[in-house]
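Everything on this sheet refers to the single structure shown next.
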Amino acid sequence: MITQNLSKILSENAYPGRGIVIGKSDDGKYAVTAYFIMGRSVNSRNRVFTATEDGIKTEAFDPSLLTDPHLIIYSPVRVLGNKTIVTNGDQTDTIYELMDKQMTFEQSLRGREFEDDAPNFTPRISGIMHVENGTYNFAMSILKSDDGDPDSCERHTFTYTNPKAGIGRFIHTYMGDGSPLPSFDGEPEKVELKGDIDTFTNEVWTSLNEDNKVSLFVRYIDIATGAAETRIVNKNVK
């Protein structure tokens, strides 16, 4: 697979929807993840990321404008021991609760499907990072309809052991804008990861479409110690 430039992918796609990047920093020291959300409607754009004890949650920037919390208010990131869960919906809680009961990442998602937002049937994308005793591996998942057929769910899981330094994998909900929105297709895209947390945060945020971007979360986890550093960027700022 060709290693692509993440900025180029983002800048050439006005609406990738929600996206997850997971990989390893170019110096090999950090497990890296980013999660962003975009929006086209007032309801979707009226959001911010806020920090929680074990991750982040989405909240309405202006509660008076919130018309439907379904599918837009959730916890995208939660930490379970040495595992960091990143998803685009409330399946974060499903993964957390079932893995806490000793199920695997893949098993925990078997009871979930794509979102019930016909005609788009937005895929549920998820990732999990495992940092322990100086080792690091991660997995990503997508649950999507079979070419828009709501009766058929495709389940794809991709696992990465001892990932290469400077390489990330990028999965997002949509291939681009459209009606209905075309679901992501294929395996997670291979992208370059360069620089420290602030460099990477700036790269992603400035590459996202100015009209549609809403919020961004970035975390660097020290593979040797497990210590984490986080950045949150919100377009809506009081």
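The values are calculated or read from the model by the stated rules, or taken from the named source; none is laboratory data. It should be emphasised that the depicted structure is a prediction, and the values quoted were computed from it without experimental measurement. We place every Cβ from the backbone using ideal geometry, glycine too, and count neighbours over all the protein chains shown. We work out accessible area using only protein heavy atoms, side chains counted, and drop any ligands, DNA or RNA first. Shrake-Rupley method; radii C 1.70, N 1.55, O 1.52, S 1.80 Å.
The conditions of being surrounded by 15 or more Cβ atoms within 10 Å (Cβ to Cβ), free of Cβ contacts under 8 Å to residues at least 12 places away in the same chain and over 17 Å from the mean Cα position of the chain (by Cα) are met by Pro182. For the stretch 81-94, a residue qualifies if it is in contact (Cβ under 8 Å) with a residue 24 or more places away in the chain and within 25 Å of Thr225 (Cβ to Cβ), and the qualifying residues are Asn82, Lys83, Thr84, Ile85, Val86, Thr92. Does the stretch 169-181 include one or more residues that are of a type in the set (D, E, K, R) and over 25 Å from Met99 (Cβ atoms)? So far as the stretch 169-181 goes, yes, one or more of its residues are of a type in the set (D, E, K, R) and over 25 Å from Met99 (Cβ atoms).
Say we look at the stretch 165-214 and pick out the residues that are part of a loop (DSSP other than H, G, I, E, B) and among the hydroxyl-bearing types (Ser, Thr, Tyr); which of these is nearest to Phe138 (Cα to Cα)? Looking at residues that are part of a loop (DSSP other than H, G, I, E, B) and among the hydroxyl-bearing types (Ser, Thr, Tyr), I get Thr173. The single residue among Thr173, Thr199 that is at pLDDT 95 or above, surrounded by fewer than 16 Cβ atoms within 10 Å (Cβ to Cβ) and of a type in the set (S, T, N, Q) turns out to be Thr199. Of the residues making up the stretch 29-60, those that are over 20 Å from His172 (Cα atoms) and either hydrophobic (A, V, I, L, M, F, W, C) or open to solvent by 30 Å² or more (accessible area, probe 1.4 Å) (or both) are Lys29, Tyr30, Val42, Thr50, Ala51, Thr52, Glu53, Asp54, Glu59, Ala60. All of Ser7, Ser108, Ser11 fail the test of being of a type in the set (Ser, Thr, Tyr) and surrounded by 18 or more Cβ atoms within 10 Å (Cβ to Cβ), apart from Ser108. With respect to the conditions (1) more than 22 Å from Glu115 (Cα to Cα); (2) in contact with a Ser or Thr (Cβ under 6 Å, 6 or more places away or on another chain), Gly17 falls short on a single one, namely (1).
The residues of the stretch 144-177 that are in contact with a Lys or Arg (Cβ under 6 Å, 6 or more places away or on another chain) and under 13 Å from Asn120 (Cα atoms) amount to a single one, Thr173.
Residues of the stretch 143-150 include at least one that is open to solvent by 80 Å² or more (accessible area, probe 1.4 Å), free of Cβ contacts under 8 Å to residues at least 60 places away in the same chain and out of contact with any Asp or Glu (no Cβ under 8 Å at 6 or more places or on another chain). Got a sec? Which of Ile232, Ile223, Ile128 is out of contact with any His (no Cβ under 7 Å at 6 or more places or on another chain) and open to solvent by 60 Å² or more (accessible area, probe 1.4 Å)? None of the others qualify; the one that does is Ile232.
All told, Arg155 falls short of being out of contact with any His (no Cβ under 9 Å at 6 or more places or on another chain) and in a loop (DSSP other than H, G, I, E, B). Considering Asn88, Asn137, the condition of being within 23 Å of Ser215 (Cα to Cα) and surrounded by 14 or more Cβ atoms within 10 Å (Cβ to Cβ) is satisfied by Asn88 alone.
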